[in-house]
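Enquirer: Dropping the structure in here first, questions after.
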């Protein structure tokens, strides 16, 4: 008998002699308005609590390991904010965006408690870690999603525009199909949980069964599993796990699908790429560190990347986008704003991200009219001077 068979039974996926649902699961009302917090990994749903208790017994310390892996990962996770909104009541205008509507649509019909379990088990991060640790440019498993030709062209322009060493940056994609590949999934689970090959394979089977139980998750190819993009430099992360991993920009198939769904098309994809490239500019120019507490420090870094991205997108020697296309770039940043004011990963409200992107584009247009491009240090100084205006309270 598999070690995790009782977990599968608790999820309603295994039936047979000697297998019983965890205590409390049968008598719980599936219509009860339970709460599910994917950030704190807590719920008051007795069905989910029973499954988690079984996992706690079988894999002691798994929650801490998943949380540590999540915190160590450099990837942005807009989906976590989108499914777990926490609204500050007074100081800022902040609410749902098109990204929230998109998440609602792609999760329509998915059982909430099953998705909650997948989220806290780390399934949302597993394609990210797979691409980060094992993805290589040129490998078809990590091919760029969407309009790869346009993304590669924009990537080349950005490398020419920004005066940083960039020849070593790999541009790759990530795809949810890895969740249906038992070997790849087992490999990543061993990283997340620190389990041996046998237990990792069983946990992989558990996750696969959970995904298969929800047809809307499309065997792992639902965009929810790859709804992110990130820039990575091992020099910025003091973790042995990432030693030797080359500099990367990883574009998730889900985030490309999202910007297309929003009607932003290629411009939206290029905006995300420009934002991630701007992080590499920050890495190389020493612009990450600041004497600020979290979440203000993260917000500063992300708003700066938005501003730098729009600057490069609008400038004649950068992506040289038309004004109507620049508006789509700005909309991209607005739609991925979040309201997680207390989260260390807070990236800025939708209004703040739009304002930062608008500021960067306006600066580029003004600069090129004067016939020049400002240096990275000058651009940074200008941004730091403008930051208090960007983050000032905007509630009436």
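The values are calculated or read from the model by the stated rules, or taken from the named source; none is laboratory data. Note that the structure is predicted; figures quoted are calculated from it, not measured. Cβ coordinates were reconstructed from backbone atoms using ideal geometry, including for glycine residues, and neighbour counts include every protein chain displayed.
Enquirer: Among the listed residues 317, 298, identify the single one that is assigned to a helix (DSSP H, G or I) and either surrounded by fewer than 17 Cβ atoms within 10 Å (Cβ to Cβ) or under 20 Å from the mean Cα position of the chain (by Cα) (or both).
Expert: Working: 317 fails: assigned to a helix (DSSP H, G or I).
Exactly one of 317, 298 is assigned to a helix (DSSP H, G or I) and either surrounded by fewer than 17 Cβ atoms within 10 Å (Cβ to Cβ) or under 20 Å from the mean Cα position of the chain (by Cα) (or both), namely 298.
Enquirer: From the list 231, 271, 258, 309, which one is assigned by TED's automatic domain parsing to the domain that holds residue 120, in a helix (DSSP H, G or I) and buried (at least 24 other Cβ atoms within 10 Å of the Cβ)? If you could, list the steps in order and put the result at the bottom.
Expert: Details: 231 fails: in a helix (DSSP H, G or I); 271 fails: assigned by TED's automatic domain parsing to the domain that holds residue 120; 309 fails: assigned by TED's automatic domain parsing to the domain that holds residue 120.
Sole residue among the options that is assigned by TED's automatic domain parsing to the domain that holds residue 120, in a helix (DSSP H, G or I) and buried (at least 24 other Cβ atoms within 10 Å of the Cβ): 258.
Enquirer: Can you tell me which residues in region 376-396 are touching a residue at least 60 places away in the same chain (Cβ under 8 Å) and within 18 Å of residue 164 (Cβ to Cβ)?
Expert: 376, 377, 379, 380, 383
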